[in-house]
1. Within the range 269-295, which residues are farther than 14 Å from Val138 by Cα and either within 19 Å of the chain's Cα centre (by Cα) or not aromatic (Phe, Trp, Tyr) (or both)?
2. Please give the number of the condition Val138 fails out of (1) surrounded by fewer than 16 Cβ atoms within 10 Å (Cβ to Cβ); (2) under 17 Å from the mean Cα position of the chain (by Cα); (3) of a type in the set (Val, Ile, Thr).
3. Return the pair list, or none, for Cβ contacts closer than 6 Å from residues in the range 77-89 that are in contact (Cβ under 8 Å) with a residue 12 or more places away in the chain and under 15 Å from Phe316 (Cβ atoms) to residues that are in a strand (DSSP E or B) and among the small types (Gly, Ala, Ser), at least 6 apart or on different chains.
4. Given the conditions (1) at negative phi; (2) surrounded by fewer than 20 Cβ atoms within 10 Å (Cβ to Cβ); (3) touching an Asp or Glu at 6+ places or on another chain (Cβ under 6 Å), which single one is not true for Glu207?
5. Residues to consider are Phe42, Phe4; find the one that is closer than 25 Å to Lys106 by Cβ, surrounded by fewer than 20 Cβ atoms within 10 Å (Cβ to Cβ) and aromatic (Phe, Trp, Tyr).
6. State all residues of the range 103-126 that are surrounded by fewer than 24 Cβ atoms within 10 Å (Cβ to Cβ) and either of a type in the set (Ser, Thr, Tyr) or closer than 21 Å to Ser51 by Cα (or both); if no residue qualifies, say none.
7. Looking only at the range 143-184, filter to residues that are among the small types (Gly, Ala, Ser) and buried (at least 22 other Cβ atoms within 10 Å of the Cβ); which one of those is farthest from the chain's Cα centre (by Cα)?
8. Could you list, in sequence order, the residues of the range 253-298 that are part of a helix (DSSP H, G or I) and within 20 Å of Ile189 (Cα to Cα)?
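The values are calculated or read from the model by the stated rules, or taken from the named source; none is laboratory data. Predicted model, so just to flag it, every value in this text is computed and none were measured. With ideal geometry, Cβ positions are generated from the backbone for all residues, glycine too; neighbour counts draw on all protein chains shown.
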Amino acid sequence: MEKFLTLGIETSCDETSAAVVLNGRDVLSNIIFSQVDIHKKFGGVVPEVASRKHVEIISAVVDEALNSAGVKIDDIDLVAATYGPGLVGALLVGLSYAKGLAFSTKKPFIGVNHIEGHICANYIEHKQLTPPFLCLVVSGGHTHLVHVKDYDEYDILGKTRDDAAGEAFDKVARALDLGYPGGPLIDKISKLGDENAIDFPKAYLEEYSFDFSFSGLKSAVLNYLNKMKMQGIQVKKEDVAASFQRAVVEVLADKTIWAAKKLKIKNVALAGGVAANSRLRKELERLCEKYGFNFYYPSNILCTDNAAMIASSGYFAYKKGRKSNLSLNAYPNLKIGERL
């Protein structure tokens, strides 16, 4: 049996991560150094601070990943690193380190799209999952409906026209004074509220459109909070959070099911940071069961930014015959399926 080891490196935002993955699916190590506590006091990620911390910690994180996996760099068959999308300074740290490592050890190197990495987290979690399938990718900066036609072959059916779902979560959480990061805090407080208390708008856009829009919903929540404040009415944060979350989740889930029906596809997957949202998982699980689709999602640790998913994506792309030159640059606005 093949024994192919990929070292993955991820530094697209505020997590410094390195992982060793066997044959694209079996995680031998997945080390994640999170900067959440550092950026919490700023209410969001400060790019310069994130980049400097990556520089400080990356060498130790990679060493720990190799040690935890019980392997040496000579045992690695492929070095994979995120080259976009993300914060350009942060991306450059991980990408430069990976290229230097590949050059010095004469290992093949491949640049990985961060969002495609999120999709591939499902290959790690669900060993039986193979393309084709439909994947809803929801994170702080991205909301996409993707037809995964084959390994390393993606077709975007729909995407956000303005705010991504995760971005809307963070902004509403800030307006409610819940703190940062907003997604998990909204999810937690929503369990205590009435999701039918406030009828916030749901943007389905044009008929048959698989695109998303959350800026109107975000504005509606902010306007509601402002109106209540002006009238001196006490706001129940739990109800606002739950009603907002319901409006986001129902649009995401409904459009995913419509797309699955249109594609006549059996497997539906979820990926990205917002894939950890319990209300979204529950709703998609309910609808997939109702309409006869198989539903897959990664465990919470694989929903966050991590290098195991980058190693998995790099492995499958390499096996399809793709590799990158050491001149590869960082592309902060890289699109799914784009090859640079």
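1. Selection gives Lys282, Glu283, Glu285, Arg286, Leu287, Cys288, Glu289, Lys290, Gly292, Asn294, Phe295.
2. (1)
3. These pairs meet every condition: Ala80/Gly8.
4. Of the numbered conditions (1) at negative phi; (2) surrounded by fewer than 20 Cβ atoms within 10 Å (Cβ to Cβ); (3) touching an Asp or Glu at 6+ places or on another chain (Cβ under 6 Å), the odd one out for Glu207 is (3).
5. Phe4
6. Ser104, Thr105
7. If we take residues in the range 143-184 being among the small types (Gly, Ala, Ser) and buried (at least 22 other Cβ atoms within 10 Å of the Cβ), then Ala173 is farthest from the chain's Cα centre (by Cα).
8. Answer for the range 253-298, where residues must be part of a helix (DSSP H, G or I) and within 20 Å of Ile189 (Cα to Cα): Gly273, Val274, Ala275, Ala276, Ser278, Arg279, Leu280, Arg281, Lys282, Glu283.
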